[in-house]
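Asker: This is the structure, below, for whatever I ask next.
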Amino acid sequence: MAKTAVVAVGGNALITDKTKTAVEHQWEAVRETAKHIADMVVQGWNVVVTHGNGPQVGFILRRNELAAHEVHPTPIDLIGADTQGSIGYMLQQALGNAFRKVGIEKTIVTVITQTVVDRNDPAFQNPVKGIGGFMDEATARTFEAQGWTVAEDAGRGWRRLIASPEPLRIVEQRAIQDLLEKGVIVIAVGGGGIPVYEDEHGDLHGAIAVIDKDRATALLASEIKADLLLISTAVEKVALHFNTPNQVWLDRMTLDEARRYAAEGHFKPGSMLPKIEAIISFLEKGGQEALITDPPNIVRALRGETGTWITRE
Ligand code: ADP
Ligand code: MG
């Protein structure tokens, strides 16, 4: 069987520029990403694509606010499902078109994915992830009185904070694996998956949380024993002393080096650090290799010409 790669596409695969969020620009970005993934498939890879949904969740939350006097607000778990569906649709269509141009005949399927978290995860007592738009303090305090956690965010205004618990299990893992074994290209774990918790009867319920997409992607990659975890983001390589005069781009690092560089603070929390942590956990659970690069360099990086490779030894 062909080798399997789990490819996490970052925000830039869907929206390249904060001033270009209109749907036609989203399509352009998705089509560009799809071309590079199609090239991977031409090279013989079986692929599962995972993706973020931060800005798209923000748009729906803003619509909730504006429409609150007429329609019910969409709860956060349904927003997760909505964005998995809409982004999945865009990727499905764009990948299908890209495949046809390079002569590949493959079925592409989006799997609405639930990710199990522990309802007692300490993260629920300490929400840290800012979501939605910014507001003034008075508005924030009104929402706080209705049960939200709110905080001032680095001088940019007040924002809602929600929990980002540890992903424990991908509910649809078996289905994803079965599809892969049939040669289907799968889009799954969008936005890290819809966070759900299991009650004492074993029933699942949506949780008010968001899951880090890189952590959930690594979990899926371990569960399906992927050959490669590829994190596609906005940089061609990972750097030490990032954005300083001493910056050094890395071609490769071992698991031990990744742990050491992370401890030394080379990777920014909230952006590169979760990716490195995700890769560390994938390699610790038996994964062989991982790659970080940007969409235009995926194929060159797979040939060993660029990107940052992270390996066990
Ligand atoms: P994504 O949407 O792909 O998750 P993020 O913005 O969350 O993208 O993370 C990628 C960003 O991490 C890069 O664009 C870069 O600005 C930043 N970054 C932080 N530390 C580093 C580092 N040491 N090397 C390279 N990039 C870094
Ligand atoms: Mg990110």
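The values are calculated or read from the model by the stated rules, or taken from the named source; none is laboratory data. Since this is a predicted model, take the numbers as computed values, not measurements. In this analysis, Cβ positions are derived from the backbone assuming ideal geometry, glycine residues included, and neighbour counts consider all displayed protein chains. The accessibility values were calculated without ligands, DNA or RNA, using every heavy atom of the protein model including side chains. Shrake-Rupley method; radii C 1.70, N 1.55, O 1.52, S 1.80 Å.
Asker: Mind giving me the FRET efficiency for E32 and R259? R0 is 51 Å, r the Cβ-Cβ distance, nearest 0.05 is fine.
Answerer: Values: r = 34 Å, r/R0 = 0.66.
Plugging the Cβ-Cβ distance into 1/(1 + (r/R0)^6) gives 0.90.
Asker: Now a separate question. How high is the relative contact order of the chain, given as a whole-number percent (alpha carbon pairs under 8 Å, six or more residues apart)?
Answerer: Once normalised by length, the contact order is 21 percent.
Asker: How far is the Cα center of segment 119-133 from the Cα center of segment 216-233, in Å?
Answerer: 24 Å
Asker: Something else now. With the contact rule set at Cα under 8 Å and sequence spacing of 6 or more, what percent relative contact order holds for segment 103-188?
Answerer: 46 percent
Asker: Which aspartates and glutamates does K20 reach when only Cα atoms under 13 Å apart count, and residues fewer than 8 places away in its own chain are ignored?
Answerer: The reachable aspartates and glutamates, counting only those whose Cα sits under 13 Å from K20, are E28.
Asker: For segment 147-203, count all C-alpha to C-alpha pairs, find those more than 19 Å apart, and express that count as a whole percent of the total.
Answerer: Summing the P(r) tail past 19 Å for segment 147-203 gives 55 percent.
Asker: Now, a different point. Given a 1.4 angstrom probe, what's the average accessible area per residue across the chain, in square angstrom?
Answerer: Computed with neighbouring chains in place, this is 49 Å² per residue.
Asker: Counting only C-alpha contacts under 8 Å and six or more residues apart, can you give the relative contact order of segment 1-89 as a whole percent?
Answerer: Relative contact order of segment 1-89: 33 percent.
Asker: Starting from the coordinates of the alpha-carbon atoms of segment 1-145, obtain the Kirkwood hydrodynamic radius over all distinct pairs and give the value in Å to one decimal.
Answerer: Taking the inverse mean of 1/r over all distinct Cα pairs, segment 1-145 comes out at 17.6 Å.
Asker: Could you tell me the distance between the Cα centroids of segment 240-264 and segment 25-61, to the nearest Å?
Answerer: 27 Å
Asker: If you count, for each residue, the other Cβ atoms within 10 Å and average over each peptide, how do 179-188, 151-160, 48-57 line up from highest to lowest? Intermediate results must be reported in sequence, preceding the final value.
Answerer: On the way: 179-188: 20.1, 151-160: 13.8, 48-57: 23.2.
My ranking of the peptides, most packed first, is 48-57, 179-188, 151-160.
Asker: Mind checking which helices in the chain clear 27 Å along their axis (Cα) and have mean Kyte-Doolittle hydropathy of 0.0 or more, DSSP H runs only?
Answerer: 76-101
Asker: Taking a cut-off of 18 Å, what percent of all Cα-Cα pairs in segment 255-303 are separated by more than that?
Answerer: 37 percent
Asker: Over its Cα atoms, what ratio of radius of gyration to 2.2 N^0.38 Å does the chain give? Mind showing how you got there, number by number?
Answerer: Values: Rg = 19.3 Å, N = 313, 2.2 N^0.38 = 19.5 Å.
Against the compact-globule rule of thumb, the ratio is 0.99.
Asker: How large is ³J(HN,Hα) for each residue in segment 291-299, as worked out from phi by the Karplus curve 6.51 cos²θ - 1.76 cosθ + 1.60 (θ = phi - 60°), to whole Hz, x for Gly and Pro?
Answerer: Taking θ as phi minus 60°, the curve returns 9, 10, 7, 9, x, x, 9, 4, 5 Hz for segment 291-299.
Asker: What does the highest-first list of 243-256, 73-86, 262-275 look like by mean Cβ count within 10 Å?
Answerer: Listed from highest to lowest mean packing, they are 73-86, 262-275, 243-256.
Asker: Roughly how many percent of the accessible protein surface of segment 206-313 is carbon and sulfur, given a 1.4 Å probe and a whole-percent answer?
Answerer: With neighbouring chains kept in place, the figure for segment 206-313 is 48 percent.
Asker: Determine, at each q value in 0.19, 0.24, 0.25, 0.29 (inverse angstroms), the log₁₀ of I(q)/I(0) that the Debye formula gives when each Cα of segment 78-125 is one equal point scatterer.
Answerer: For segment 78-125 at q = 0.19, 0.24, 0.25, 0.29 Å⁻¹, log10 I(q)/I(0) is -0.70, -0.87, -0.90, -1.01.
Asker: List the residues whose amide H sits under 5 Å from the amide H of T149, counting only those 5 or more places along or on another chain, with H placed 1.01 Å from N in the peptide plane.
Answerer: It is L161, by chain and number.
Asker: Just the ratio, please: alpha-carbon radius of gyration of segment 202-301 over 2.2 N^0.38 Å, N its number of residues. Write down the numbers at each step before the final one.
Answerer: Numbers: Rg = 14.7 Å, N = 100, 2.2 N^0.38 = 12.7 Å.
Output field value: 1.16.
Asker: Now, a different point. Net charge near H205, counting Lys/Arg +1 and Asp/Glu -1 over other residues with Cβ under 10 Å of its Cβ?
Answerer: -3
Asker: Under 14 Å between alpha carbons, and skipping anything fewer than 8 positions from K106 in its own chain: which aspartates and glutamates qualify?
Answerer: The qualifying aspartates and glutamates are D39, E181.
Asker: Of K225/K268; K3/K285; K237/K268, which pairs sit farther than 20 Å apart, going by alpha carbon to alpha carbon?
Answerer: K225/K268
Asker: With all protein chains present, how much of the accessible area of segment 40-183 (probe radius 1.4 Å) comes from carbon and sulfur, to the nearest whole percent?
Answerer: 52 percent
Asker: OK, next. How much net charge surrounds A175 when only the other residues with a Cβ under 15 Å from the Cβ of A175 are counted, with Lys and Arg +1 and Asp and Glu -1?
Answerer: Net of charged neighbours comes to -1.
Asker: Just how many % of Cα pairs in segment 98-175 lie over 15 Å apart, if you round to the nearest whole percent?
Answerer: 69 percent
Asker: Also, I was wondering about something else. Quick check on the chain: helices-only [θ] at 222 nm, where DSSP H runs of length 4 and up contribute -39,500 (n - 2.57) each and the sum goes over total residues. Nearest 500, please.
Answerer: It lands at -11500 deg cm²/dmol.
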